[in-house]
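Undergrad: Questions regarding the structure given below will be posed in turn.
Please treat every number below as a calculation from the coordinates, not as lab data. Note that the coordinates shown come from a computational prediction; the quantities given were computed from them, not determined experimentally. All Cβ positions, glycine included, derive from the backbone under ideal geometry; neighbour counts span all protein chains shown.
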Amino acid sequence: MGRRTALAGYLAAEAVSITGSRMSLVALPWLVLTTTGSAALTGVVAALETVPYVVAGSFGAPVVDRIGARRASVLADLVSFAAMVAIPFLYHRGIGVLGGLVVVVGAARGVSDIAKRVLLPAAVEGSGLELTRATALYDGVARFGALVGGPVAGVLIVWLGAPGVILLDAVSFLLCAGLIAGTVRTRGVAAEREPYLTALANGVDHLRRDRLILAIVLMMFAINLFDTAALSVYIPVWARQVVGSPVALGLCSGAFALGALAGNAGLVAYAHRVPKLAVLTVGFVVGGAPRFLALALSDSVVFVTAVMFVAGLGLAAANPIISAVMYDRVPERLHARVFGVATGAAFAGMPLGSLLAGLGIGVLGFTPLIVLTAVLCFVTTLVPLVGRRTWRQIDAPRPPELRPDEA
């Protein structure tokens, strides 16, 4: 099997996975809102997926090393399929049953996503594509999946209902497992047979020693907190209470993804000509606070959708630049462990964002809470300017002690 086929299969699996996940990201909050009428429960259910996602991604990394990234990815996607396909048939039995199934999906997705991230260099090898460009291409495919998934979900909810859209997401897990199993082959290098806790500690130790990666993880923790509050609570509540249609929910999601896709294309073309830190900092500022202010101050679908597009455009550089830095500075033998710990720490902001947003609306009210979120987000996005001594390493050669080929 050709290496170009491996990369194509890998990217196709990612497109299917992201499209399905974005559809359920729209459909699941809408299902909870329309079933219970509670913004707080909407936030709780979102947290029930993201907490096990974070935990499994972090603590499952040594297991991914032990059984192999390809096998871990396929098995985890099959588990996700089984749990997700049950939701449309069992959600009416109560929030406890729905929450339990969501926990299983979140845990399986956490393992699968870490495994897929480890597989990227193997899929790229022999394709003739330089890794930095491959990372941008990977992110572009993910953005395209998000672009398609959000609006399609909004429309399909009107036709099929939220349970029908969730069922389609279940099928996407099955397709993803088949694509990875059928196209991607690893080099078959055996993982180090370290005790579980030792393997996990090695990942934590490398993350602790690299101040740049540690700073990036802390920033992404905050950005993920704000993003998840918007996606899982603020935008669904705005679409239901202010606009009164799930179509607005899909349009906002799709506009953000379209902006990110356009920004990603620009990054692929001009990344070598611009300073990465400047692009990253400006993107954080543009993509952060303005979208929260738009939700708080406007009931215009056109205006809010336009702001979401600009936000996506600004944040497009974040994932490719951060991923390139991670692959550049982390030894290949530690990819699963360091990526697992780093991703888990960064994604820990996601359940917190859902919970705080859902509960905060009941305490402060919709508009005051979003304005407060906008202020906190703006302050957070200025951190790279304050800590330039660490963040400027993004544009500098990596230190010798952090070379990927260290023994």
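Undergrad: What's the ranking of 31-38, 236-243, 91-98 by average number of surrounding C-beta atoms within 10 Å, highest first?
TA: The peptides rank, most packed first, as 236-243, 31-38, 91-98.
Undergrad: Can you give the FRET efficiency to the nearest 0.05 for LEU376 and ARG185, using r as the Cβ-Cβ distance and R₀ = 56 Å?
TA: 0.80
Undergrad: What is the calculated FRET efficiency for THR390 to VAL171, with r their C-beta to C-beta distance and R₀ = 60 Å, to the nearest 0.05?
TA: Given R0 = 60 Å and the Cβ-Cβ separation, E is 0.85.
Undergrad: 7 Å from Cα along Cα→Cβ at both THR34 and SER298: what's the point-to-point distance in nm?
TA: 2.6
Undergrad: Take each of the peptides 276-282, 248-254, average the number of other beta-carbon atoms within 10 Å over its residues, and list them starting from the highest.
TA: 248-254, 276-282
Undergrad: Compute the distance in nm between two label points, each set 7 Å from the Cα along the Cα-to-Cβ direction, one at ASP328 and one at VAL282.
TA: Placing both labels 7 Å beyond Cα along the Cβ direction yields 1.9 nm.
Undergrad: Which whole-Hz couplings ³J(HN,Hα) result when phi for each residue of segment 41-48 is put into the Karplus expression 6.51 cos²θ - 1.76 cosθ + 1.60, θ = phi - 60°, listed in order with x for Gly and Pro?
TA: In residue order, the calculated couplings are 5, 4, x, 5, 5, 4, 5, 5 Hz.
Undergrad: What FRET efficiency do you get for THR367 and ILE67 if R0 is 41 Å and r is their Cβ-Cβ distance, rounded to the nearest 0.05?
TA: It comes to 0.25.
Undergrad: At q = 0.06, 0.10, 0.11 Å⁻¹, what log₁₀ I(q)/I(0) does a Debye calculation on the Cα points of the chain give, no solvent, two decimals?
TA: -0.22, -0.63, -0.77
Undergrad: Could the peptides 169-181, 291-303 be put in order, highest first, of the mean number of other beta-carbon atoms found within 10 Å of their residues?
TA: Top to bottom by mean Cβ count within 10 Å: 169-181, 291-303.
Undergrad: Further question on the same structure: Stokes-Einstein D for segment 243-351 at 25 °C, 0.890 mPa s, Kirkwood Rh over Cα pairs, in µm²/s?
TA: 159
Undergrad: Roughly how many debye, to the nearest 20, is the charge dipole of segment 227-339 about its Cα centre, given +1 on each Lys and Arg Cβ, -1 on each Asp and Glu Cβ, and no other charges?
TA: In debye, rounded to 20, segment 227-339 gives about 240.
Undergrad: What whole number of Å gives the distance from the Cα centroid of segment 45-106 to the Cα centroid of segment 288-316?
TA: 31
Undergrad: A follow-up question, please. Evaluate the distance, in nm, between pseudo-label points positioned 7 Å from the Cα of PHE89 and of SER245 along their respective Cα→Cβ axes.
TA: Distance between label points: 3.5 nm.
Undergrad: With no solvent and one equal point scatterer placed on each C-alpha of segment 1-89, evaluate the Debye formula and give log10 I(q)/I(0) for q = 0.26 Å⁻¹, two decimals.
TA: Listed by q, the Debye log ratios stand at -1.38.
Undergrad: Over the Cα atoms of segment 311-378, how large are the radius of gyration and the largest Cα-Cα distance (Dmax), in Å?
TA: Rg, Dmax (Cα atoms, Å): 16.5, 48.
Undergrad: Okay, moving on. To the nearest 500 deg cm²/dmol, what mean residue ellipticity at 222 nm is calculated for the chain from DSSP H runs of n ≥ 4 alone, each contributing -39,500 (n - 2.57), summed and divided by the residues?
TA: -27000 deg cm²/dmol
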